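Engineer: Mind having a look at this structure? Questions to follow.
The values are calculated or read from the model by the stated rules, or taken from the named source; none is laboratory data. Given the structure is predicted, the values throughout are model-derived calculations rather than measurements. All Cβ positions, glycine included, derive from the backbone under ideal geometry; neighbour counts span all protein chains shown.
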Amino acid sequence: MAKRDYYEVLGLQKGATADEIKKAYRKLAIKWHPDKWQQASEAEQKTAEQNFKEVNEAYAVLSDEQKRARYDQFGHAGMNGGFGGAGGGGGYDFGGMGFDPFDIFNAFFGTRSAGGGQGSPFGNGGPFGGIHFDFGNGEGFNPFQQEVKGQDINITLRVSLDDVMNGVDKKVKIRHSVADSTGNVRQVEDIIPIRLPKGVQEGQKFLSKGKGNAAPGGRGVPGDLIVNIEEIPHPELLRDGRDLVYNCVISFPTAALGGPVEIPTLDGRVRINIAPGTQPGKMLRLKGKGLPSKESSVLGDLIINILVYVPEKLTSDERKAIEKLSSSANCKPTESNRQSMFSRLKYFFTKHE
């Protein structure tokens with residue numbers, strides 16, 4: 001397969017300036033560096049390796065005034081099949097090119113590892129980890145600066161229903177890396193304030209921008225702190241969106257005769273009266289005793305689900321009293337009673353599917 005024209009490889013015209021050649025090479029060398037394609041398919045990796053080789057080969061000629069003049073006059077025939085020097089290819093097989101494309105890449109970008117030795121700008125513990133780019137102008141220019149971001153930190157913050165009701169200011173302690181003005185990175189402990197609004201829900205996430213880990217070498221933007229909300233179960237109340245549900249267990253005599261019971265709310269306990277003849281599964285509603293939502297400050301309701309306790313063991317006198325009641329027609333459910341109880345159960349299960 002015939003070699004492509006070196007200017008074409010870099011996307012340039014024949015009269016391109018040295019700065020244009022550098023700029024074109026910088027962009028394409030970063031794009032096709034094999035370490036960026038390690039998670040790609042085998043075919044894509046092979047294409048990246050070939051393109052990386054081709055880009056470096058073109059730059060090796062066009063960045064050298066004498067080689068470029070010879071190439072401009074004689075084309076590929078004037079290159080004599082090699083450019084001097086031999087290299088190992090940095091773990092990649094570039095087919096006996098006669099030079100190491102990584103040497104060109106490292107020479108151009110001034111890449112060195114955190115320990116001072118040569119290294120891949122894509123390695124050392126993560127994307128662009130522990131590296132520095134220096135083009136000799138003392139500015140420490142990083143060609144990846146727009147792409148590099150430090151690692152995010154995820155934490156779980158547990159909140160009570162009282163926190164959900166009122167909103168709350170929390171403080172969380174985190175350990176993260178920070179960079180100083182010279183790019184030195186160190187680990188520190190910080191206390192980060194988190195403001196949780198009313199109506200916060202389980203699974204909701206809050207972002208504290210820039211409070212994650214520093215970018216590798218301090219050459220980018222810090223990551224973020226991501227706070228994941230988890231609700232602490234209330235000992236008596238269940239949450240259903242903005243509504244709260246309380247399973248109120250009453251005795252059979254209370255269900256039959258009626259009477260007062262105490263109900264827990266987030267504002268304290270309140271007393272309500274159970275009407276005589278209250279059936280299991282009946283739902284009572286206390287308006288405005290629920291929670292706000294993140295969309296509205298209007299409070300939901302407290303739903304009281306009535307359950308009737310049936311004694312598991314009876315004394316002899318209790319058994320006789322109940323047996324006497326069982327013979328009463330008034331204690332036997334009618335078809336109307338069955339339909340009414342079925343409707344309540346159907347509503348309950350449909351709502352909580």
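Engineer: Residues of region 237-251 being surrounded by 14 or more Cβ atoms within 10 Å (Cβ to Cβ) and over 29 Å from the mean Cα position of the chain (by Cα), which ones?
Structural biologist: Hits for region 237-251 are Leu237, Leu244, Val245, Tyr246, Cys248, Ile250, Ser251.
Engineer: State yes or no: is Leu325 modelled with pLDDT under 90 and within 26 Å of Pro260 (Cα to Cα)?
Structural biologist: The answer is yes for Leu325.
Engineer: So, one more: Hey, any hits in region 328-335 for a residue that's modelled with pLDDT of 90 or more and in contact with a helix residue (DSSP H, G or I) (Cβ under 6 Å, 6 or more places away or on another chain)?
Structural biologist: No, the conditions are met nowhere in region 328-335.
Engineer: If you don't mind, there's one more thing I want to ask. Given the residues Val245, Val227, Val200, which is the only one that is under 30 Å from Gln151 (Cβ atoms) and either assigned by TED's automatic domain parsing to the domain that holds Val308 or assigned to a loop (DSSP other than H, G, I, E, B) (or both)?
Structural biologist: Val200
Engineer: I've got another one for you. Identify all residues within region 17-57 that are under 18 Å from His76 (Cβ atoms) and touching a residue at least 40 places away in the same chain (Cβ under 8 Å); write none if there are none.
Structural biologist: Within region 17-57, Ile21, Lys53, Glu54, Val55, Asn56, Glu57 qualify.
Engineer: When the residues of region 248-272 are narrowed to those that are free of Cβ contacts under 8 Å to residues at least 12 places away in the same chain and assigned to a strand (DSSP E or B), which ends up farthest from Leu325 (Cα to Cα)?
Structural biologist: Gly268
Engineer: Output the residue which, of all residues in region 8-42 that are surrounded by fewer than 19 Cβ atoms within 10 Å (Cβ to Cβ) and hydroxyl-bearing (Ser, Thr, Tyr), is farthest from the chain's Cα centre (by Cα).
Structural biologist: Here the answer is Thr17.
Engineer: Within region 314-329, which residues are closer than 15 Å to Phe252 by Cα and surrounded by fewer than 10 Cβ atoms within 10 Å (Cβ to Cβ)?
Structural biologist: Once the filter is applied, which keeps residues that are closer than 15 Å to Phe252 by Cα and surrounded by fewer than 10 Cβ atoms within 10 Å (Cβ to Cβ), region 314-329 yields only Ser326.
Engineer: Follow-up. Report, by residue number, each residue of region 280-309 that is more than 15 Å from Asn247 (Cβ to Cβ) and either among the hydrophobic types (A, V, I, L, M, F, W, C) or in contact with a helix residue (DSSP H, G or I) (Cβ under 8 Å, 6 or more places away or on another chain) (or both).
Structural biologist: Leu291, Pro292, Val298, Leu299
Engineer: Examine region 252-263 for a residue that is on the phi < 0 side of the Ramachandran plot, polar (S, T, N, Q) and surrounded by fewer than 18 Cβ atoms within 10 Å (Cβ to Cβ), and state whether such a residue exists.
Structural biologist: Scanning region 252-263 turns up no residue that is on the phi < 0 side of the Ramachandran plot, polar (S, T, N, Q) and surrounded by fewer than 18 Cβ atoms within 10 Å (Cβ to Cβ).
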